[in-house]
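The values are calculated or read from the model by the stated rules, or taken from the named source; none is laboratory data. Remember, predicted model here, so these are calculated numbers, not experimental data. Because the Cβ atoms are built from the backbone with ideal geometry, glycine has one as well, and the counts that use them run over all protein chains shown.
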Amino acid sequence: MSTPAYDGAAILGRHLRRLRHNPGLVILTQSMPVTMLLFFGYVFGSALAVPGQEYRTFLVPGLLVATAANGIMTGMFQAAQDSHRGVTDRLRTLPVSRVAVPLGQAAADLAVTAAGTVPLMLVGLAVGWRIEGSALGALGAVGLLLLFRFATTWIGIVLGLASRNEEAAGQLGGATFLLPLLSSAYIPTDNLPGRLRTLAEWNPISAVSTALRDLFGNAPVPTEGAWPVTHPVAGSLAWCAVLIAVFLPLAVRRFTHGGR
């Protein structure tokens with residue numbers, strides 16, 4: 001008997017099997033964050049100074065969050081690929097739960113992200129980053145990171161289903177690389193000019209980066225700034241709740257009705 005849970009599990013299995021048959025894509029997506037860590041940590045790290053801490057200690061939590069934000073790009077590309085190759089239309093004709101198809105894609109992306117977070121954290125430990133807080137705080141940080149990835153994936157699914165073609169989705173997805181640059185993922189926002197600093201501090205990536213640094217025990221919470229960065233855990237949870245509440249129903253509606 002078809003149920004949302006059964007249908008979602010079937011779609012999850014489909015996406016995982018697709019990744020298994022495309023190992024090059026998995027290797028590329030999992031190795032890119034490690035490459036960026038080494039590049040930013042050793043090339044930019046020699047030129048950037050973060051008051052009170054070593055740059056790689058500041059960088060690793062931010063890079064984890066920037067990688068999680070790539071859920072927009074991967075969600076967009078996978079949804080656009082299925083949509084423009086006719087897979088989505090075939091799934092619409094089947095007696096499956098309307099929420100199961102996008103939910104299965106988001107769940108598969110989350111599973112791959114969880115696996116990919118491990119080597120990135122291990123490389124971070126190898127280059128000098130340390131978890132200086134409690135074990136409970138570290139688990140909370142990982143949980144928050146995966147929740148943020150889950151939330152951003154829904155943005156990508158909506159954009160992918162709405163895209164004109166795979167090429168347009170790929171180009172727009174590549175533009176999401178700019179989002180972490182306008183945040184505290186790679187650099188502190190203290191010295192940014194007024195309006196740019198405000199924009200960066202209200203970027204969800206800044207809130208989650210600050211929350212991870214706090215939960216990992218790498219840096220204290222700022223006492224000045226926008227509400228999401230002075231209350232980073234609450235701000236991160238609020239951002240995730242808003243993103244899921246807005247984009248999950250939009251993704252289900254877009255899957256159900258197509259371009260209408």
Under 9 Å between Cβ atoms, which residue pairs at least 6 apart in sequence (or on different chains) link something in the range 91-105 that is touching a residue at least 40 places away in the same chain (Cβ under 8 Å) with a partner that is polar (S, T, N, Q) and in a loop (DSSP other than H, G, I, E, B)?
95/2; 96/2; 97/2; 97/3; 100/2; 100/3; 103/97
Conditions (1) closer than 22 Å to residue 17 by Cβ; (2) touching a Ser or Thr at 6+ places or on another chain (Cβ under 9 Å): number failed by residue 129
(1)
Residue ID - nearest to the chain's Cα centre (by Cα), chosen from residues in the range 115-142 that are over 18 Å from residue 63 (Cβ atoms) and free of Cβ contacts under 8 Å to residues at least 60 places away in the same chain
139
Could you give me the residue pairs with C-beta distances under 8 Å whose first residue belongs to the range 239-256 and is among the hydroxyl-bearing types (Ser, Thr, Tyr), whose second residue is modelled with pLDDT under 95 wherever it lies, and which are 6+ apart or on separate chains?
256/92; 256/98
With respect to the numbered conditions (1) in a helix (DSSP H, G or I); (2) surrounded by 22 or more Cβ atoms within 10 Å (Cβ to Cβ), which one is the sole condition not fulfilled by residue 111?
(2)
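Kindly check whether there is at least one residue in the range 89-98 that is crowded, with 22+ Cβ neighbours inside 10 Å, modelled with pLDDT of 75 or more, in a helix (DSSP H, G or I) and out of contact with any Pro (no Cβ under 8 Å at 6 or more places or on another chain).
no
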Just checking, which of 211, 219 is farther than 27 Å from residue 100 by Cβ, of a type in the set (Gly, Ala, Ser) and at pLDDT below 95?
219
Specify the residue that is nearest to the chain's Cα centre (by Cα); the eligible residues are those in the range 189-218 that are surrounded by 20 or more Cβ atoms within 10 Å (Cβ to Cβ) and assigned to a loop (DSSP other than H, G, I, E, B).
203
